[in-house]
Amino acid sequence: MEVQITSENFEGLKNGAQPLVIDFWATWCGPCRAIAPIVEELAKEYDGKVVVGKCDVEENDDIASEFGIRNIPTLIFIKDGQVTDKLVGAVSKAKIEEKIQAML
């Protein structure tokens, strides 16, 4: 299940026991809406192994700024509090899953 990432819960998730995938998106972004079902599907498939969260860049610009997000959608992969990888743009499920597998 996807988690809504906000300034309030971000630090806890970033430094949590499970790897974290953050989907930076906005409601007006077409490519963001295109990959949303893929991200949701992966969140269900990896439930209990990886935390998958969505971060609205307009509501949480502080988090987006911390990672230098300039284009959306951007997926950031975090393990042990450190960024391990990043994908920019509407990418395939296989590509996202490859990055998730690398963290496990």
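The values are calculated or read from the model by the stated rules, or taken from the named source; none is laboratory data. Because the structure is predicted, anything quoted here is derived from the model rather than measured. Positions of Cβ are backbone-derived with ideal geometry, glycine not excepted, and every protein chain shown enters the neighbour counts. Just so you know, the surface numbers come from the protein's heavy atoms only, side chains and all, with ligands and any DNA or RNA stripped out. Shrake-Rupley method; radii C 1.70, N 1.55, O 1.52, S 1.80 Å.
Structural remarks
- Within region 1-27, residues that are touching a residue at least 12 places away in the same chain (Cβ under 8 Å) and under 22 Å from Glu45 (Cα atoms) sit with their Cβ atoms under 7 Å from residues that are open to solvent by 50 Å² or more (accessible area, probe 1.4 Å) and in a strand (DSSP E or B), at 6+ positions apart or across chains, in these pairs: Pro19/Lys79.
- For region 54-68, filtered to residues that are closer than 15 Å to Ala26 by Cβ and of a type in the set (Gly, Ala, Ser), the residue that is farthest from the chain's Cα centre (by Cα) is Ser65.
- Filtered by the rule that a residue be in a helix (DSSP H, G or I) and either closer than 13 Å to Leu75 by Cα or of a type outside the set (Lys, Arg) (or both), region 18-36 gives Gly30, Pro31, Cys32, Ala34, Ile35, Ala36.
- Total residues in region 1-17, condition more than 23 Å from Ala36 (Cβ to Cβ) and either touching a Lys or Arg at 6+ places or on another chain (Cβ under 6 Å) or in a helix (DSSP H, G or I) (or both): 2
- Residue list for region 3-14, restricted to those being open to solvent by less than 80 Å² (accessible area, probe 1.4 Å) and either touching a Leu at 6+ places or on another chain (Cβ under 9 Å) or of a type in the set (S, T, N, Q) (or both): Val3, Ile5, Thr6, Ser7, Asn9, Leu13, Lys14
- Residues being open to solvent by less than 40 Å² (accessible area, probe 1.4 Å) and modelled with pLDDT under 95 are represented in region 15-36 by at least one member.
- Residue count for region 65-79 under the criterion of being touching a residue at least 24 places away in the same chain (Cβ under 8 Å), in a loop (DSSP other than H, G, I, E, B) and not hydrophobic (A, V, I, L, M, F, W, C): the result is 1.
- Hits in region 37-64 - residues which are assigned to a helix (DSSP H, G or I) and open to solvent by 30 Å² or more (accessible area, probe 1.4 Å): Pro37, Ile38, Glu40, Glu41, Lys44, Glu45, Asp61, Asp62
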